[in-house]
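The values are calculated or read from the model by the stated rules, or taken from the named source; none is laboratory data. Note that the structure is a prediction, hence the values are computed from the model and not measured. FYI the Cβ positions are ideal-geometry reconstructions off the backbone, even for glycines, and counts take in every protein chain you see. Accessible surface is based on the protein model in full, side chains and every heavy atom, while ligands, DNA and RNA are left aside. Shrake-Rupley method; radii C 1.70, N 1.55, O 1.52, S 1.80 Å.
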Amino acid sequence: MGGGGIRPFRAEDTEAVVALWRQAGLVVPWNDPYRDIERKLTVQPELFLVVEGDAGELIGTAMAGYDGHRGWVNYLAVDEAHRGSGLGAELMAEAERLLAERGCPKLNLQVRSSNAGVIEWYRTLGYESDNAVSIGKRLIPDAPAI
């Protein structure tokens, strides 16, 4: 892992976080990343994790949360130059640790069904398909983010 290690998000990380999410293909038109950050900072902001590299640059993120029933991780991203280094697994392990500390019995993930490589990667970390269908309804529309 980089020299700065895993730490909670700070407001000055915003532009670097959004740039990393764009690089990782996580920004979609129906989710404004700036609004997602603003919303996260109102609920368990300590579970919004970033990773600093040796030079202080931002090289990873994970946005975790626990609703009292299940834990979630969104926006797991690792800079292209650091993929395959184990950084993603370290971020997930830290998110799992923080959620378990809060009494979270199970962590759920949503991965686009077309992203077979990422689904397989999560399987290497012990995650399994739940035979459930994710159904959603937008309650607050976001402006186009791309």
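Summary table
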{"quantity": "Residue list for segment 117-146, restricted to those being open to solvent by less than 70 Å² (accessible area, probe 1.4 Å) and modelled with pLDDT of 90 or more", "calculated": "G117, V118, I119, Y122, L125, G126, Y127"}
{"quantity": "Complete set of residues in segment 80-116 that are of a type in the set (G, A, S), under 21 Å from N31 (Cβ atoms) and open to solvent by 80 Å² or more (accessible area, probe 1.4 Å)", "calculated": "S113, S114"}
{"quantity": "Among the candidates E57, E46, residue that is surrounded by fewer than 17 Cβ atoms within 10 Å (Cβ to Cβ) and within 14 Å of A95 (Cβ to Cβ)", "calculated": "E46"}
{"quantity": "Leading residue by the ranking (nearest to A19 (Cα to Cα)) among those in segment 60-79 that are in contact with a strand residue (DSSP E or B) (Cβ under 6 Å, 6 or more places away or on another chain) and either open to solvent by 60 Å² or more (accessible area, probe 1.4 Å) or among the charged types (D, E, K, R) (or both)", "calculated": "D79"}
{"quantity": "Tally of residues being in contact with a helix residue (DSSP H, G or I) (Cβ under 7 Å, 6 or more places away or on another chain) and more than 14 Å from D142 (Cβ to Cβ) across segment 22-56", "calculated": "6"}
{"quantity": "Segment 116-143 residues that are among the aliphatic types (A, V, I, L, M), paired with ones that are surrounded by 10 or more Cβ atoms within 10 Å (Cβ to Cβ) and part of a helix (DSSP H, G or I) (beta carbon under 7 Å, 6 or more apart)", "calculated": "L125/A89; L125/M92"}
{"quantity": "Residue satisfying condition, being among the hydrophobic types (A, V, I, L, M, F, W, C) and in contact with a Phe, Trp or Tyr (Cβ under 6 Å, 6 or more places away or on another chain), within set M63, M92", "calculated": "M63"}
{"quantity": "Residue list for segment 114-133, restricted to those being more than 17 Å from the chain's Cα centre (by Cα), assigned to a loop (DSSP other than H, G, I, E, B) and under 22 Å from W21 (Cα atoms)", "calculated": "S114"}
